[in-house]
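Everything on this sheet refers to the single structure shown next.
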Amino acid sequence: MKLDGSIAAVVTGAASGLGEATARALAAQGCKVAIFDMNAERGEQVAKEIGGVFCQVDVTSDEGVDAGFAKARAAHGQERILVNCAGIAIGQKTVGRDKTTGEVRAHDMRAFEKTIQINLIGSFRCLSKSAAGMATLEPMEDGERGLIVSTASVAAQDGQIGQAAYSASKGGVYAMTLPIARDLMGEGIRVNTILPGIMMTPMVAGMPQNVQDALAASIPFPKRLGKPEEYASIVLEMARNGYLNGECIRLDGAIRMAPR
């Protein structure tokens, strides 16, 4: 796929972090970019800076996602690229014990369900609705109509203590990549997933410097945190390389996460 002004893209979670870097990278190639996010203030700012459009979207809502796509398509036309970056992370053991009283507690099911709803079901909701729109487009070279990139995590393969909910949600994104690529092969829509390691996102940037340094030291090479721009560069290559389909790529400096 040639990235230029003829290509419309939608990036979820694009008001910050990996999504923002991806939106900026696509816009720098000339693409028309729509930002889906809950943070209206920051989302509007990023959209203004890249010449895109902001759509306030809750990915757990059918109506909200439909309205977001309607607004984006009214501004830019049917998207040929969707990048799913919206997500949350929680940390909670399957069974916890109160340090003061010794009371044993089961995992908070509302937190578990929320993580699945946003990270897994939200990603599928957006990609299914986007693919339905892409399928109406005229095919390009090789019969291609579009590209969908989702975001899993290295936790999909080696989740740590307290990551049952997060790993389950990201493991689902990882596992559904190939069957969705097969579902959409007749429509000419490619589907790939990126599994980031420890990236310099706003959440990590807010940690104390000694914690950031310890995280960087745990990475085999290079011994630093990943840059959002490095994630975005993988998205650009996935768009340009028409033979890359049904693939899940780790972007992690060769780290394999320890139990804690």
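All of the numbers you see were taken from the coordinates with simple rules; none came from a lab. Bear in mind that the values here come from a model prediction, so they are computed numbers and not experimental data. Note that we place each Cβ from the backbone using ideal geometry, even for glycine, and neighbour counts take in every protein chain shown.
Only helical runs count toward this figure. For the chain, summing -39,500 (n - 2.57) over DSSP H runs of n ≥ 4 and dividing by all residues gives -12500 deg cm²/dmol at 222 nm. Averaged over residues, the count of other Cβ atoms within 10 Å places the peptides 249-257, 125-133, 91-99 in the sequence 125-133, 249-257, 91-99, highest first.
Going by the alpha-carbon gyration tensor, a ≥ b ≥ c the square roots of its eigenvalues, is the range 1-85 rounded (a/c under 1.5) or, if a/c is not under 1.5, prolate (a/b greater than b/c) versus oblate? Oblate, because a/c is 1.5 or more while a/b does not exceed b/c. A cut-off under 13 angstrom between Cβ atoms defines the neighbours of ASP4, and their net charge, with Lys, Arg +1 and Asp, Glu -1, is +4. Electrostatic bookkeeping for ARG250 treats Lys and Arg as +1 and Asp and Glu as -1; over the other residues with beta carbon under 14 Å from its beta carbon, the sum is -2. Checking the cross-link pairs LYS2/LYS71; LYS32/LYS71; LYS2/LYS129; LYS114/LYS170; LYS2/LYS32 against a 18 Å limit on the alpha carbon distance flags LYS2/LYS71; LYS2/LYS129 as lying beyond it. Rounded to the nearest whole Hz, the Karplus-based 3J(HN,Hα) values (6.51 cos²θ - 1.76 cosθ + 1.60, θ = phi - 60°) of the range 198-211 follow the sequence 8, 9, 7, 8, x, 5, 6, 4, x, 6, x, 4, 5, 5, with x at glycine and proline.
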